[in-house]
Amino acid sequence: MNMYVGQAPWLAKNNRSLGLPAAIASELARLVTLEAKVDIVCPAENKENNLSQRASFLDEQFKPFRSKMRLYCEYGCAGGGLMLKPYVVGDTIAIDCVQATDFLPLAFDSKGKITACDFVEHKKQGSHFYHRVERHEFKNGINTVTNKAYRSSSINDRGTEVSLAEVPEWAEL
């Protein structure tokens, strides 16, 4: 990602990047999404009214993401991957795009599907760094989500567990 934003580690302070990493990621994303079409529809065998309404609702919720799909694909190409995490906001569904550096798969089933993972979010408040770890575990048909917060003096150190309320945006989790 440092190369993508023009801050490659080998650049001296007065040198400028040619921007090749960003150009390459952009071109890959363009090629991947050039003819991409994503629609959420109800399967022909399940065209009951309630299923059709659900498909229409989900398709409507997906529109904001669909319009930015190329940009998100570019970020994924630049950062080594991207995880899409849907969540509910009021009566709508939003999609959080999590960079590979902030996503950690923890467990897989026999078919290779992820059954447990951590999403990490970082915030800086004053001289402290706060790290929220949102764990998702899917077991026996139930998805359990837990949130924990940690405080440290470094972005690279998880630190000690603290209350989620120490960060105002996390207080309601």
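The values are calculated or read from the model by the stated rules, or taken from the named source; none is laboratory data. Everything numeric here is computed off the predicted structure, so don't read it as measured data. We place every Cβ from the backbone using ideal geometry, glycine too, and count neighbours over all the protein chains shown. All accessible areas refer to the heavy atoms of the entire protein, side chains included, with ligands and DNA or RNA removed. Shrake-Rupley method; radii C 1.70, N 1.55, O 1.52, S 1.80 Å.
When segment 82-173 is described by a simple charge dipole with +1 on each Lys and Arg Cβ and -1 on each Asp and Glu Cβ, the residue from 144, 131, 100 located farthest towards its positive end is 100. With the whole protein complex present, residue 122 retains an accessible surface near 80 Å², based on a 1.4 Å probe. Counting only protein heavy atoms and using a 1.4 Å probe, the accessible area of residue 69 comes to about 40 Å².
Relative to the 2.2 N^0.38 Å rule of thumb, the chain has a C-alpha radius of gyration ratio of 1.27. Measuring between their Cα centroids, segment 93-152 and segment 69-84 lie 18 Å from each other. If you add up the charges near residue 129, with Lys and Arg at +1 and Asp and Glu at -1, over every other residue whose beta carbon is less than 10 angstrom from its beta carbon, what do you get? That sum, taken over residues with Cβ under 10 Å, equals +3. Measuring with a 1.4 angstrom probe and ignoring ligands and nucleic acids, residue 31 comes out at about 100 Å² accessible.
Solvent exposure of the chain, expressed per residue, is 70 Å² of accessible area, with all protein chains present and a 1.4 angstrom probe. Given segment 49-138, report the % of alpha carbon pairs whose separation exceeds 17 Å. Result: 63 percent of Cα pairs exceed 17 Å. Ranked from largest to smallest solvent-accessible area, with a 1.4 Å probe on the protein heavy atoms, 91, 109 come out as 91, 109. Full extension of the segment from residue 128 to residue 108, taken as 0.36 nm per residue of separation minus the current Cα-Cα distance, would add 3.8 nm.
In this Cβ point-charge picture (+1 for Lys and Arg, -1 for Asp and Glu), the chain has a dipole of about 480 debye about its Cα centre. Largest GNM mean-square fluctuation across 159, 79, 126, computed for the chain with C-alpha springs under 10 Å, falls on 126. Note on the chain: helix-only mean residue ellipticity at 222 nm, from DSSP H runs of 4+ residues weighted -39500 (n - 2.57) and normalised by residue number, equals -8500 deg cm²/dmol.
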